[in-house]
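Data first, discussion second: the structure below is written as C-alpha cells.
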Amino acid sequence: QVQLVESGGGLVQAGGSLRLSCAASGSISSINVMGWYRQAPGKQRELVAVITSGGSTSYADSVKGRFTISRDNAKNTVSLQMNSLKPEDTAVYYCNANGRHIMTLRPFGSWGQGTQVTVSS
C-alpha cells in the first residue's frame with residue numbers, strides 16, 4: 001500500500017499565496033510522476049500540475065506563471081507553491097503519485113485525501 005498525506009490548504013484572499021505539500025509513504029520502489037489535481041464543486045477533477053522524477057513539469061494553462069510544482073525524490077514529497085491566487089482557484093486539491101511497489105515492482109497509482117483551498121474575493 002502507498003499512502004499520500006497532504007497539508008497546507010486553507011483560506012486566503014485573492015492575490016495571496018499558499019503552499020501545498022504531499023508526502024508519500026509505504027511500499028515504494030520508485031515514483032515516476034507526482035502531481036496535483038483539483039476539483040471544484042459541481043465540476044470534474046482536473047490536472048493542475050505534474051512533475052516527473054527527472055524534473056520535467058507540466059501545468060494547466062489556467063495556473064501557468066502563478067503555480068510552481070517541485071519534488072524531493074529522496075523524501076518522496078511533492079509541493080505546489082501557489083501565488084497570485086484567484087477565487088476560481090477555489091477547490092479541493094488532491095495529490096497523486098504513480099510508481100512501482102517495492103519487492104513486486106507492480107505499478108501503483110495513489111491519491112491523497114484532498115485538502116481544501118478557498119480563495120476569497
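The values are calculated or read from the model by the stated rules, or taken from the named source; none is laboratory data. Predicted, not measured: the structure shown is a model, and the values here were computed from it. We place every Cβ from the backbone using ideal geometry, glycine too, and count neighbours over all the protein chains shown. Note: areas computed on protein heavy atoms with side chains; ligands, DNA, RNA excluded. Shrake-Rupley method; radii C 1.70, N 1.55, O 1.52, S 1.80 Å.
Do any trypsin sites (Lys or Arg not before Pro) in the stretch 1-97 lie in a DSSP loop with no more than 13 other beta carbon atoms within 10 Å, and if so, which?
Those that pass, being in a loop and sparsely packed, are 43, 64, 75.
Evaluate 2.2 N^0.38 Å with N set to the residue count of the chain, then give the Cα radius of gyration divided by it.
Cα Rg divided by the expected 2.2 N^0.38 Å: 1.04.
Which three numbers, in whole Å and largest first, are the semi-axes of the equivalent ellipsoid of the stretch 67-121 derived from its Cα gyration tensor as √(5λ)? If you can, show how the numbers build up before the last one.
Numbers: eigenvalues 169, 34, 9 Å².
Square roots of five times the eigenvalues give 29, 13, 7 Å.
With the cut-off at 12 Å, report for the stretch 1-49 the share of all Cα pairs above it, as a whole percent.
Within the stretch 1-49, distances greater than 12 Å cover 74 percent of Cα pairs.
Report in % the part of the accessible area of the chain that belongs to carbon and sulfur, leaving out ligands and nucleic acids; probe 1.4 Å.
About 48 percent, which is the carbon plus sulfur part of the accessible surface.
Roll a 1.4 Å probe over the protein chains and send me the accessible area per residue for the chain in Å².
52
Would you mind working out the magnitude of the charge dipole of the chain relative to its Cα centre, with +1 at each Lys and Arg C-beta and -1 at each Asp and Glu C-beta, to the nearest 20 Debye?
140
Report the gain in length on full extension from residue 103 to residue 11: 0.36 nm times residue separation, minus Cα-Cα distance, nm rounded to one decimal. Intermediate results must be reported in sequence, preceding the final value.
Values: separation 92, 0.36 × 92 = 33.12 nm, distance 4.12 nm.
Value of the extension gain: 29.0 nm.
Once phi is turned into ³J(HN,Hα) by the Karplus curve 6.51 cos²θ - 1.76 cosθ + 1.60 with θ = phi - 60°, what whole-Hz value does each residue of the stretch 105-121 show in order, with x for glycine and proline?
Result, rounded to whole Hz: 6, 6, x, 9, x, 10, 10, x, 7, x, 9, 7, 10, 10, 10, 8, 8.
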